[in-house]
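Derivation of every value follows stated rules applied to the coordinates shown; laboratory data play no part. Just so we're clear, the structure is a prediction, and the values are computed from it rather than from any experiment. Cβ sites come from the backbone with ideal geometry, for glycine too, and all protein chains shown count toward neighbours.
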Amino acid sequence: MISQIVSLIQAAVYFGTVILFGSVGEILAEKSGNLNLGVPGIMYMGGIAGLIAAFLYENNVPAADQMPAVALIISLGAAFVVSMIGGLIYSVLTITLRANQNVTGLTLTIFGSGFANFFGGSLNKMAGGAGQISVAMTSGAFRTKIPFLSDKTGIFGDIFFYYGFLAYVAIVIAFVVRWFLNKTSVGLNLRAVGENPATADAAGINVTKYKYLATCVGAGISGLGGLYYTMDYIKGTWATDGKIEQLGWLAVALVIFATWKPNRAIWGAYLFGMLSWMFYYLPGLTRSSQEIFKMLPYAVTLAVLIIVSLRRSKESQPPEALGLAYFREDR
């Protein structure tokens, strides 16, 4: 029984970390007023970019010269940059060209999925067939546990120190984004842009610059969720099971559940991860019952949305200009 509980918690952290990266990145973008529903596609792009970078490094550098730290940096850099490019595509279309944000985001999700699976298939062919991709060194570096703490602290270590470093980086990024939004002048300016861009513009804030930067950096953070899934959870290979997309939509739902607060997204992500995985640990469930349990994260989000709407607390509402294009000439 205890081993099952520990296993469920570990699964919740694995899935929750993917969701947390996606959610924190989307919170940063939405604070600028941009509703980017392309998070699942961006996570796909980050995952495949990091995998390709690691594959090329391990297959073009002699084994004796390969360094895990260099492989980590290359993979992380590729994932972050390609994900930011996804955010840049969204920004050009919605900020500069004033395309509909909902349609653009959904299109980006479809594009990111196709982009990743196309290059994933190509990578499989280069590796010799499906399931033959091998980036063991890079994946092993991502999955390295904290020395001593993970091996010599029993159940406590299995729960808290069982994971690769990105699981802890996700938590740190969530707190850093919270501090940035609430304690820095740049963060407060960003929130002003999301609430009332016309007023922010009149106060001398460059609305376009803030929107571009928040959306692109947020996309880069979201892309790390796809990289974590690819390098840590499935151990450096490529899967076309659609799991990244499912977790990406949960990340979007978590933004509402966390009421646009990065610190709340931390425990919310692990709750979503646990709810998404719980049906594996409940005996005697029929297939129909399993599908009901898979709906739980979304059902909880709907419940929170209803409660927040009824309370009408200002702190729990989305930015007032969320999803609305802004041009100075419209003031």
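For Phe327 and Ile234 in one chain, what is 0.36 nm times their gap in residues minus the Cα-Cα distance, to one decimal in nm?
Working: separation 93, 0.36 × 93 = 33.48 nm, distance 4.39 nm.
Result: 29.1 nm gained on full extension.
Computed FRET efficiency, Cβ-Cβ of Val103 and Ser7, R0 41 Å: what is it to the nearest 0.05?
So the FRET efficiency works out to roughly 0.50.
Contour minus end-to-end for Ser122 and Leu188, with contour as 0.36 nm per residue of separation and end-to-end as the Cα-Cα distance?
Numbers: separation 66, 0.36 × 66 = 23.76 nm, distance 4.41 nm.
Length gained, Ser122 through Leu188: 19.3 nm.
Rg to Rh ratio, the stretch 163-212, alpha-carbon atoms and Kirkwood radius?
That ratio equals 1.17.
Could you give the size of the charge dipole of the stretch 177-331 about its Cα centre, using +1 on the Cβ of each K and R and -1 on the Cβ of each D and E, expressed in debye and rounded to the nearest 20? Each step should come with its number before you reach the end.
Working: 16 positive and 10 negative charges, 72 e Å.
It works out to roughly 340 debye.
With springs only between Cα atoms under 10 Å, which of Gly47, Gly33, Gly77 fluctuates most in a Gaussian network model of the chain?
So, out of Gly47, Gly33, Gly77, the one fluctuating most is Gly77.
For a bin width of 5 Å, list the pair-distance distribution of the stretch 200-313 built from all Cα-Cα distances, rounded to whole %.
Each 5 Å bin holds this share of Cα pairs: 2, 9, 15, 18, 17, 16, 11, 6, 3, 2, 1, 0, 0.
Quick one: 3J(HN,Hα) in Hz for the stretch 185-192, Karplus 6.51/-1.76/1.60 with θ = phi - 60°, rounded, Gly and Pro as x.
Values, residue by residue: 5, 5, x, 5, 4, 4, 5, 5 Hz.
Could you give the semi-axes, largest first, of the ellipsoid that matches the stretch 39-131, computed as the square roots of 5 times the alpha carbon gyration tensor eigenvalues and rounded to whole Å?
Details: eigenvalues 181, 48, 11 Å².
Value: 30, 16, 8 Å, ordered largest first.
If you project the alpha carbons of the stretch 90-215 onto their three principal axes, what span does each projection cover, largest first, in Å?
Projected onto its principal axes, the Cα set of the stretch 90-215 covers 57, 41, 19 Å.
Expressed as a rounded percentage, what relative contact order does the stretch 22-167 have, with Cα pairs under 8 Å and six or more residues apart? Don't skip to the answer; put the middle values down first.
On the way: 156 pairs, mean separation 40.7, N = 146.
Relative contact order, the stretch 22-167: 28 percent.
Can you give the relative contact order of the chain as a percent, counting alpha carbon pairs under 8 Å and 6+ residues apart?
Values: 574 pairs, mean separation 121.7, N = 331.
Reported as a whole number, the value is 37 percent.
When each pair of different Cα atoms in the stretch 247-296 is counted once in the 1/r mean, what is the Kirkwood radius in angstroms, to one decimal? Write out the running numbers ahead of the final one.
Working: mean 1/r = 0.0860 Å⁻¹.
So the Kirkwood estimate lands at 11.6 Å.
Report, as a whole number in µm² per second, the diffusion coefficient that Stokes-Einstein gives for the stretch 10-49 at 4 °C and 1.567 mPa s using the Kirkwood radius over alpha carbon pairs. The partial results should precede the final answer.
Values: Rh = 10.9 Å.
Once the numbers are plugged in, D ends up at 119 µm²/s.
Once the Cβ-Cβ distance between Ala203 and Ala69 is put in as r, and R0 is 45 Å, what FRET efficiency do you end up with, to the nearest 0.05?
Numbers: r = 44 Å, r/R0 = 0.98.
Calculated transfer efficiency: 0.55.
Mind pulling the angle between the C-alpha long axis of helix 39-60 and the longest principal axis of the chain? Nearest 10 degrees, somewhere in 0 to 90.
For 39-60 against the chain, the angle is about 40 degrees.
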